[in-house]
Every structure is written in C-alpha cells, then in structure tokens.
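The values are calculated or read from the model by the stated rules, or taken from the named source; none is laboratory data. Just so it is clear, the structure is predicted and the values come from calculations on it, not from any experiment. Reconstructed Cβ throughout: ideal geometry from the backbone, glycine too, with neighbour counts over all protein chains shown.
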Amino acid sequence: MKFESSGSRRQDNKTRNRNAILAAASRVFATVGFEACSTREIIRESGLAQGTFYNYYKDKESVMQDIADELAEGIRTGIRDARAKADTPLAFLSDAYFTVFQVMMQDRIHLDLIARNRDIIRGYLFQGGSMTHILEELDRDLDRMVKAGGFPAHPIHITSVMMVAAGFEAMVLLAQSSDFDLRKLSDYLGLLFQGGIMNVSTVMQEDHELLGNKTIKA
C-alpha cells in the first residue's frame, strides 16, 4: 500500500511521508484497533513530527479512508487481470479470489488490519470509491459471461455483492489461520458460486425478482 514516487525531490518527500503515515497507521490499526487508538499513536509510530502528519491528514478517519481506498484499488486491479485471463467459467470465479488472496498474503499486516477492524473497514470499503468500481466491473463481467453462455441468466448485482462479501470474510479467515491452502480456498469459493448461479437460475433470472415490484439500485 504505497503511493508511487514522481521523480521530483519535493514530491518524493511528500510521497515518503504519506507512505510512512499509512504504514504506521496500518500497524497501529492492526495491533491496537481503529477505535481504541489515537492519532497521537499513529504519529509516534510514523516517526514524523505532529505538524507533518497534519499536513497530510486531519484525523485517523481520513487515514483509514486512504488505507481502505488503496486496499480496494489493489483488489480491483488483481481481480480485473485474473478475470481477463480466465478461460473457463470456474476460472473466472476462482482465479480472481486466488489472485486477491496472494496479494493480501504478501503483507499480512493488511489481513490483520481487516480482521481486527472488520466492521470498521467494511464500512469504509463499501461506502463508495474503488469498491463501487469493483462491483460495477463485476456486474459487467458477469453480464458478459451470461451473454457468452458461460453462466445462465441470474440476479447479477446481488451475486456480485455476495461474491465480494464472501471474499472479504475469507480474508478474515486467512488472518485468523495460516493453515488454509489458497488455491483450494479459491476453488471452494469458485465452485460455491458456480453451483449457486446454476441453481438460482432455475427459479430467478433478474435482481428485481428478489424484491417483488421494487428495484435494486446498482
């Protein structure tokens, strides 16, 4: 979770400071917890002056928002690439999970942060930004797969939401135990949703069917 260097000395210094704050906050959030920690603890962990911190962030909430946005964008990139390379319906589902789990396992602090602050981080992730783009892209890709014959017609948007939610909860499990085989866990989720889509399609094909005469917002 790092902002990229621009090449300019002044900008590089800003990038280093911001990355130091984000890294420090991630460690504090993962060990102490978002609600229990103070901005002062993040500043102390970063090694930066208090004034420097406030040049970038006004409070711990704004830091958490950047962390959540960066996590979501990394997830978005991983699943987009995995789905683009998938050559079967199952690979479309399971390879995306596998890629995300591999990325998250590269720095367990992210998993620890999610597990310790699951309700908080869920709120930040799902209130908009990159996660909204993830759901929109998944909606489009599932629709493309339906039109190509890879999946039968089914309530696409609800499926997208459930797939993302299942991935989030799986990351909590990974933080709690190192015994999971990432490939098998990914295949389990892929098979779960592949079978679910097949079964659901026999009784409903559109999102609005879950709400009677109401409509579901994208």
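The figures follow:
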{"item": "Qualifying positions in segment 141-186 - β-branched (V, I, T), closer than 15 Å to F126 by Cβ and touching a residue at least 40 places away in the same chain (Cβ under 8 Å)", "result": "I158, V172"}
{"item": "Looking only at segment 128-138, and only at residues there that are in a helix (DSSP H, G or I) and more than 20 Å from E169 (Cβ to Cβ), the one that is modelled with the lowest pLDDT", "result": "H133"}
{"item": "Yes/no for F180 being in a loop (DSSP other than H, G, I, E, B) and either touching a Cys at 6+ places or on another chain (Cβ under 9 Å) or not hydroxyl-bearing (S, T, Y) (or both)", "result": "yes"}
{"item": "So I197, is it touching a residue at least 40 places away in the same chain (Cβ under 8 Å), more than 23 Å from T77 (Cα to Cα), among the β-branched types (V, I, T) and not in a loop (DSSP other than H, G, I, E, B)", "result": "yes"}
{"item": "One residue from L138, L113 being buried (at least 16 other Cβ atoms within 10 Å of the Cβ), in contact (Cβ under 8 Å) with a residue 40 or more places away in the chain, among the hydrophobic types (A, V, I, L, M, F, W, C) and over 23 Å from L192 (Cβ atoms)", "result": "L113"}
{"item": "Residue in segment 12-32 that is loosely packed, with under 13 Cβ neighbours inside 10 Å and assigned to a loop (DSSP other than H, G, I, E, B) present", "result": "no"}
{"item": "Count of residues meeting criterion [touching a residue at least 24 places away in the same chain (Cβ under 8 Å) and under 20 Å from Q127 (Cα atoms)] in segment 69-99", "result": "9"}
{"item": "Top-ranked residue in segment 92-112 [being acidic (D, E) and in contact with a helix residue (DSSP H, G or I) (Cβ under 7 Å, 6 or more places away or on another chain); ranked as farthest from D187 (Cα to Cα)]", "result": "D112"}
{"item": "Residue under evaluation L48, criteria (1) part of a loop (DSSP other than H, G, I, E, B); (2) of a type outside the set (S, T, Y); (3) surrounded by fewer than 17 Cβ atoms within 10 Å (Cβ to Cβ), criterion not met", "result": "(3)"}
{"item": "Test: residue in segment 158-173 that is touching a Ser or Thr at 6+ places or on another chain (Cβ under 8 Å) and surrounded by fewer than 19 Cβ atoms within 10 Å (Cβ to Cβ)", "result": "no"}
{"item": "Filter result (of a type outside the set (G, A, S) and outside any helix (DSSP H, G or I)) within segment 70-127", "result": "D87, T88, Q106, D107, N117, Q127"}
